[in-house]
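Below is one structure, written out as structure tokens; comments come after it.
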Amino acid sequence: MLEKISKYINPIQLQELYKEINNCPHKLLGEHKVKEGQLFVTFRIHAKEVAIIDKETGVEYPMLPYEDKGLYVALNKGKAIKSYEIQTKYIDNTTVTIADPYSFDSQIGDLDTHLFSHGTHYEIYKKFGAHEMTIDGVRGIHFAVWAPNARKISVVGDFNCWDGRLHPMRMLENSGIHELFIPGVEIGAVYKYQIRTRDDKVLLKSDPYANSSELRPKNASVVADLTNYKWEDKAWQKKKENRNRDSLRKDPISIYEMHLGSWRKHNDGTEDGFYNYRELAVEVADYVADMGYTHVELLGIAEHPFDGSWGYQVTGYYAPTRRYGTPEDFMFFVDYLHRKGIGVILDWVPAHFPKDEFALGRFDGEPVYEHPNPKMGEHAEWGTYIFNYFKKEVINFLLANALFWLNEFHIDGLRVDAVASMLYLDYGKKDGEWIANKNGGRENLDAVEFFRHMNAIIQEKLPWAMMIAEESTSWAGVTAPASMNGLGFLYKWNMGWMNDFLEYMKLDPYFRQFNHHKLTFSLVYAHSENFIQVLSHDEVVHGKGSMIQKMPGEYDEKFSNLRVAYGFMYAHPGKKLLFMGQEFAQWQEWSEARSLDWGILEYERHAQMQTYMKALNHLYKKYNAFYANDCETTGFEWMDCSHSELSIIAFTRRATTKKNQLLIVCNFTPVDREKYEIGVPASGTYTQIFNSDAVEFGGNGNGIVTSVKAKAEKYANQPYKIQIEVPGLSFMAFRYNE
């Protein structure tokens, strides 16, 4: 019998199987049509007896050992077996009966490989990774991974004793894609890819497309199912369908930036004290809604090994971090916030990735996701690799990842991290450490094309998605549509304003008069992009001090300074973002290792600051003059910006109708100004709707008035004027009609 069978056993493929270098195991293993009937070939380590079981008849067909190295064969000359399982009795007397992984057709089609190779398979995450499916009545997990330079790949995990000999994957021609359907593997299984490189090294890699991971410091991938969660945010999703680029620019957007692991911590004796996503959902939604914010922006949700990276050195791009629960738990978090009327934005990092050996770096022994030239493929300053934006498959990985979060987790927007580092080839590098583009310039043309491609396809498929760029330079057209040679983002963080304004606020009020331009310059370019005014996490770490620490003066004066700072920020054109803890003037710098100092709210001034920010958020949402014309020059006009010696400014914010226009007055010195005159554009009554010096906010109660009447007298190039008391270090808002 073995002599008849041996002519069908390819000796080269067999030796490659023994040497663990066979990347086309389906040509050797499984069921094959031969002249005599059906040939069955399987590979079983430590087996005592192996048999084929006809699933229709239950008839058992013993298999013969071939060369006594683990290969078993059987030749069926009778009625064809349509469906079968392999029964294995091992030397420890256990018996396992399971369908043959090598009896199933490929689940990756020609169209899949074609689109992926062109960088346009926008749902490739449904094909790659680990997915539960039923094929020919057999339930199991289909694994697929791209590793174009690998000699051979096996799936290893807790279901096969991490033995790379048992489940070698098939490589699909020249695509670099390896796949295998393994019957019997279940949701929750832990796995990796064992990759044999071209130079015969063996690597253990987590799955780039995995939807879940082990909790650090472990790093294996975990099989997850994203299809079973029952979403209950239909009303929110329906509302999103009516949103687009134009309408979003007119919406009120006040973002609470937060790090879930340190917002609150359990005092349960554990080292981490992490809340679960589901616990966080209820507490975050209630707090954020009560405070008047419209969105949360989350740091560090994609899986990452190092807490101190805050999630900006990602190893699992398609997996919510296991620190706070499962993927379904995170779905609940998003779902619950949506049901409470809160949008969810994620920080997303397509700029670089860490060099951890288990992850993307040198994935198959050679540069796969990163550029092969260190001058193009490494951030020496950060110790990370840079994605290769020229390679279509890498572009596809990133494009599909953006769509993955927006589609599968109902995320409302992505804040793209470190955009400047992608746009400039010389970012963070010295002369001789970078390579110019084909035109001799320092622009990364491939990254530019990536951004345009990404934003164009998201605009086409998901016009409601908020794509936000953290771009720290003066690159022109970041928020211009791709059709107009822009990068296509909806918003850009206003880093220039943030830097200037914080430097201004740190000054002793006396010296502010000599730095007036730091307060006013941002209005010169306020409408050159669609901006978000940000006071982010980066400004309250690494020795920079918290927001309240930055403020000059004695204790009470610090709070007065912070109130006027926040007031000016909310009145300035642009959407708003504030990092957690700063809304109640946390004294300590932020650290990912500890909870916010909620106990500080027992102190009156901190509680009053929280009350102030709550009132400011609700005021912001109530009057559309604060936001509807953020991106239009008609939405802002200076009334008074020339009194640098007094550090007082006044301006108007215009609404969508002639009613409820706003006059804003800010005083950045501690000196009260009685009978201060301001030119105004309209006659009638100016009703005070907000005063940061109110006693309930911790102020002195100065400048509180119900309303003032405008006089028909030209003043400061305006046809009317008003006279008011302007308290020291104050922000005031007046409503009027044109």
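The values are calculated or read from the model by the stated rules, or taken from the named source; none is laboratory data. What you see is a predicted model; the values in this text were computed from it and never measured. So basically every Cβ, Gly included, is an ideal-geometry build from the backbone, and we count neighbours across all protein chains shown. SASA here: full protein model, heavy atoms, side chains in, ligands and nucleic acids out. Shrake-Rupley method; radii C 1.70, N 1.55, O 1.52, S 1.80 Å.
Worth a mention:
- Test: residue in the stretch 671-688 that is touching a residue at least 60 places away in the same chain (Cβ under 8 Å) and part of a strand (DSSP E or B): no
- Of the candidates V288, V296, V282, the single residue that is at pLDDT 95 or above, within 16 Å of the chain's Cα centre (by Cα) and more than 30 Å from I153 (Cβ to Cβ) is V296.
- Residues that are in contact (Cβ under 8 Å) with a residue 12 or more places away in the chain, more than 16 Å from the chain's Cα centre (by Cα) and in a helix (DSSP H, G or I), drawn from the stretch 440-482: D446, A447, V448, E449, F450, R452, H453, A456, I457, Q459, K461, A482
- Test: K152 is open to solvent by less than 10 Å² (accessible area, probe 1.4 Å), of a type in the set (K, R) and touching a strand residue (DSSP E or B) at 6+ places or on another chain (Cβ under 6 Å): yes
- Qualifying residue in the stretch 517-533 (condition: open to solvent by less than 10 Å² (accessible area, probe 1.4 Å), more than 29 Å from the chain's Cα centre (by Cα) and touching a residue at least 24 places away in the same chain (Cβ under 8 Å)): yes
- Leading residue by the ranking (least open to solvent (accessible area, probe 1.4 Å)) among those in the stretch 715-736 that are modelled with pLDDT under 95 and assigned to a loop (DSSP other than H, G, I, E, B): A716
- Once the stretch 325-347 is narrowed to residues that are in a helix (DSSP H, G or I) and in contact with an Asp or Glu (Cβ under 8 Å, 6 or more places away or on another chain), the residue that is most open to solvent (accessible area, probe 1.4 Å) is R339.
- Residue pairs meeting the criteria (Cβ under 8 Å; at least 6 apart or on separate chains; first open to solvent by less than 60 Å² (accessible area, probe 1.4 Å), in the stretch 1-16; second in a helix (DSSP H, G or I)): Q13/K27
The rows are residues; the columns are (1) basic (K, R); (2) surrounded by fewer than 20 Cβ atoms within 10 Å (Cβ to Cβ); (3) under 17 Å from V59 (Cα atoms).
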| residue | (1), (2), (3) |
| --- | --- |
| D92 | no, yes, no |
| V96 | no, yes, yes |
| D105 | no, yes, no |
| L115 | no, yes, no |
| T120 | no, yes, no |
| I124 | no, no, no |
| I135 | no, yes, no |
| I141 | no, no, no |
| A144 | no, no, no |
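- In the set (1) assigned to a loop (DSSP other than H, G, I, E, B); (2) open to solvent by less than 10 Å² (accessible area, probe 1.4 Å), the condition left unmet by G365 is number (2).
- Residue in the stretch 27-45 that is open to solvent by 50 Å² or more (accessible area, probe 1.4 Å), of a type in the set (S, T, Y) and more than 30 Å from E408 (Cα to Cα) present: no
- E592 vs. criteria surrounded by fewer than 24 Cβ atoms within 10 Å (Cβ to Cβ), in contact with a His (Cβ under 8 Å, 6 or more places away or on another chain) and over 22 Å from I253 (Cβ atoms): yes
- Elements of the type helices (runs of 4 or more DSSP H) sitting completely within the stretch 368-435 and holding at least 1 residues that are under 28 Å from T227 (Cβ atoms), open to solvent by less than 10 Å² (accessible area, probe 1.4 Å) and modelled with pLDDT of 95 or more: these cover 392-408.
- Helices (runs of 4 or more DSSP H) contained in the stretch 220-324 and holding at least 2 residues without any contact (Cβ under 8 Å) to a residue 60 or more places away in the chain and in contact with an Asp or Glu (Cβ under 8 Å, 6 or more places away or on another chain): 277-291
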